Structure formats: structure tokens, C-alpha cells
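To start, the structure itself, in C-alpha cells.
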Amino acid sequence: MGAHSISDRRKAVAKGAGAFVLALFCVLGIALVQRQGWLDGLNAGLMGMAGRARDSGAGTIVTWIMQLASAVGGTAGRFALLGACFVALWRMARARALWLFWVAFGGTLLNLALKQIFAAPRPDLLPHLDLVNSYSFPSGHAAGNMVFFGALAMLGGRRSAYVAMGLAIALIGISRVWLGVHWPSDVLAGWIEGLGWLALCGAWLPARRGQEESADGVMVRGHAVGGDEAMDPEAVENRGGGNGE
């Protein structure tokens with residue numbers, strides 16, 4: 001059983017690493033295409049739509065919602081939520097709490113490194129409605145919240161959790177375009193980066209306590225039945241008679 005467990009872990013790590021490398025190649029491809037100007041029309045068109053919507057009658061209310069979503073998804077807001085989730089999980093499942101922390105922390109470091117590598121300037125098509133002091137590509141809000149909320153969905157393991165976390169990820173990513181501080185391609189690259197990191201880290205996702213106890217129970221029952229049969233003379237005798245017939 002131990003050999004199978006090690007083999008399964010290696011397969012999971014290999015698959016996760018492959019997905020992570022693929023994600024990095026996709027991010028690199030978007031960066032190169034964007035740098036060549038091939039995405040200028042799409043980026044400008046989508047951001048222009050956001051600008052016109054900002055000037056509409058409902059623009060003020062939507063802008064307030066987008067600013068709130070962006071604040072929650074910022075580094076400070078995200079790590080405040082991470083701290084609260086860590087404390088809550090620590091009481092019940094310390095391994096899962098530690099996994100969540102290192103996944104979120106590592107994903108943040110990865111995004112900071114990629115920003116320095118690509119060193120892309122912020123868009124200037126619309127007035128910025130948020131203070132920014134870092135490079136633009138890939139979006140830290142998109143990547144960081146894909147990692148954080150995606151990890152929470154993986155811990156929850158339910159369809160409702162994935163739907164709720166997906167909506168939060170989408171809203172925060174869109175808010176960055178609405179506020180004029182990211183091109184849509186920045187956000188897309190951030191989402192892909194976050195997905196790749198989650199795929200890699202998912203190989204080390206600790207099992208829930210119920211799953212562990214269920215697996216242990218199956219193993220114990222299997223060994224117990226085997227032992228009872230071996231110690232039961234009638235079972236041995238019946239087996240012997242069956243072989244003779």
C-alpha cells in the first residue's frame with residue numbers, strides 16, 4: 001500500500017508540474033504577443049467599453065463595487081482573509097491550514113518575480129481609479145486571488161464552493177480593468193498563472209479527516225477479515241473440503 005501511495009504521489013506531482021510549466025509557457029506567450037502589439041485592439045476595445053460604462057448612469061455605483069472588490073482582493077485584504085482562514089482551519093486541520101498558507105504565500109512570491117521579469121508598464125488609456133506602484137503584467141490581483149480563492153475551493157471540495165470562489169475571482173479580475181489599472185490580457189495571464197500554481201500545489205493537498213479515517217477503516221477491516229478467516233478452523237476446513245471437491 002505504501003508503494004502505491006508513493007507512486008500515486010509521484011504521478012500527481014508530475015501532472016501538477018506539467019500543468020505549471022504549461023501555464024508559464026502560456027503566460028510567456030501572452031507577454032510576447034502583447035509586447036508585439038497584437039493584442040492592442042482587443043485590450044483597448046475592452047477597456048474602452050469599461051470607460052464608457054464608467055461614464056454611464058450606473059457607473060458610479062458599479063465603480064464603488066469594483067473598488068470594494070479590488071480592495072478585498074488586494075495584498076492587504078487577501079492576507080487578512082488568509083489570516084482568518086488560517087486561524088479557523090488551525091483548530092480543526094493544521095496540515096490543511098499550513099497548506100493554504102504556503103500556497104498563498106508562494107503564489108504571491110511567484111507573481112512578484114514574474115512582474116520583475118516582464119517589467120510591463122501600466123495602461124494609460126483610462127484615468128486610474130486605484131493607486132498602483134508596481135508593474136502591470138501579469139496581474140497580481142488576478143493571480144493572487146485565483147490562488148487564494150481557488151485553494152479555498154479545493155479545501156471545500158464542493159461544487160457550491162467552486163462556484164462561489166469562481167465568482168469572487170472573476171469579479172476581482174474584472175475590477176482591475178474597470179479601474180483602468182490593468183489590460184484584460186494582464187488579468188488573463190494572472191488567472192493562468194494562478195491555475196498553474198494551484199495545479200502544482202494540489203499534489204500536496206492534505207486529505208480531509210473523514211477521508212483519512214475512511215481509508216484507514218477500509219484497510220483495518222480488510223486485514224481483520226483476513227485474520228479471522230485464518231484463525232477460524234471451520235473456514236480452513238471448508239476451504240480444504242472445497243479444494244478436494
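Cα gyration tensor of the range 26-74, axes a ≥ b ≥ c as square roots of the eigenvalues: rounded (a/c below 1.5), prolate (a/b > b/c) or oblate? The shape class here is oblate. Were the residues from R158 through R91 laid out at 0.36 nm apart, the gain over their Cα-Cα distance would be 22.0 nm. Stretched out straight at 0.36 nm per residue, the stretch from W64 to M49 would grow longer than its current Cα-Cα span by 3.7 nm. Of the residues L129, L152, G107, the one whose Cα sits farthest toward the positive end of the charge dipole of the range 75-166, with +1 on the Cβ of Lys and Arg and -1 on the Cβ of Asp and Glu, is L152.
Ranking W178, W183 from most to least accessible surface, computed with a 1.4 Å probe over the protein chains only, gives W183, W178. For the peptides 112-123, 190-201, residues were scored by their other Cβ atoms within 10 Å and the scores averaged per peptide; the highest-first order is 190-201, 112-123.
Ligands, DNA and RNA left out, the 1.4 Å accessible surface of the range 7-76 is 69% carbon and sulfur atoms.
A simple spin-label model places the labels of L22 and L131 4.1 nm from each other, with each point 7 Å out along Cα-to-Cβ.
Spatial offset of the range 141-177 relative to the range 57-96 amounts to 10 Å, using the alpha carbon center of each.
Given a 1.4 angstrom probe, I'd like the percentage of the accessible area of the range 98-172 that is carbon and sulfur, rounded to a whole number.
69 percent
The order of the peptides 147-157, 99-109 by mean Cβ neighbours within 10 Å, most packed first, is 147-157, 99-109.
Where a ≥ b ≥ c are the square roots of the eigenvalues of the C-alpha gyration tensor, would you call the range 106-160 rounded, which needs a/c under 1.5, or, failing that, prolate if a/b is larger than b/c, or oblate? Here the range 106-160 falls in the oblate category.
The values are calculated or read from the model by the stated rules, or taken from the named source; none is laboratory data. From a predicted model like this one, the values you see are computed outputs, not experimental measurements. A quick note on method: Cβ atoms are made from the backbone with ideal geometry, for glycine too, and the neighbour counts reach across all protein chains shown. Keep in mind that these areas ignore ligands, DNA and RNA; they rest on the heavy atoms of the full protein, side chains included. Shrake-Rupley method; radii C 1.70, N 1.55, O 1.52, S 1.80 Å.
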